[in-house]
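What follows is one structure encoded as structure tokens, with my remarks underneath.
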């Protein structure tokens, strides 16, 4: 739970940092930038907690521990990065498809005020 909460906190903070930096544009950058940072936090915390608290990783006690832990962290992180980058295209397509349905202008997000956009009657 600690790893999840720490990663989610980082993800939200980084997402809003990228949003301010890009003036609300470039969803792909916000999504991937925040995910890349939060997943290194999550992966590192999970591996370290799993090893030091639960002693549940298959480590070789005759070898130095830190290179082994770094291998676990790196392989887990690479997997998560690949998945995050692969899902960017489908998510971008879904957002583009849903924006008109939700009555949102390009780059507008739900909850943002905009005098020219009203909620469609089928969503009220």
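Laid out as a table, the results:
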item	result
Efficiency of FRET from Cβ geometry, residue 93 and residue 6, R₀ 25 Å, rounded to 0.05	0.20
The stretch 2-86 - percent relative contact order, Cα under 8 Å, separation 6 or more	32
Proxy reagent accessibility, fewest Cβ within 10 Å first, across 25, 20	20, 25
Where only alpha carbons of the stretch 1-59 are counted, the Rg and the Dmax (Å)	14.2, 46
Pairwise label distance in nanometres, residue 101 with residue 13, each label 7 Å out on the Cα-Cβ vector	3.5
Separation of alpha-carbon centers, the stretch 10-25 and the stretch 42-100, rounded to whole Å	22
Using distinct alpha-carbon pairs, which all enter the 1/r mean, Kirkwood radius of the chain in Å	17.0
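Every number in this text was worked out from the coordinates using simple rules, so none of it is lab data. Computed from a predicted model, the values in this text were never measured in an experiment. In this analysis, Cβ positions are derived from the backbone assuming ideal geometry, glycine residues included, and neighbour counts consider all displayed protein chains.
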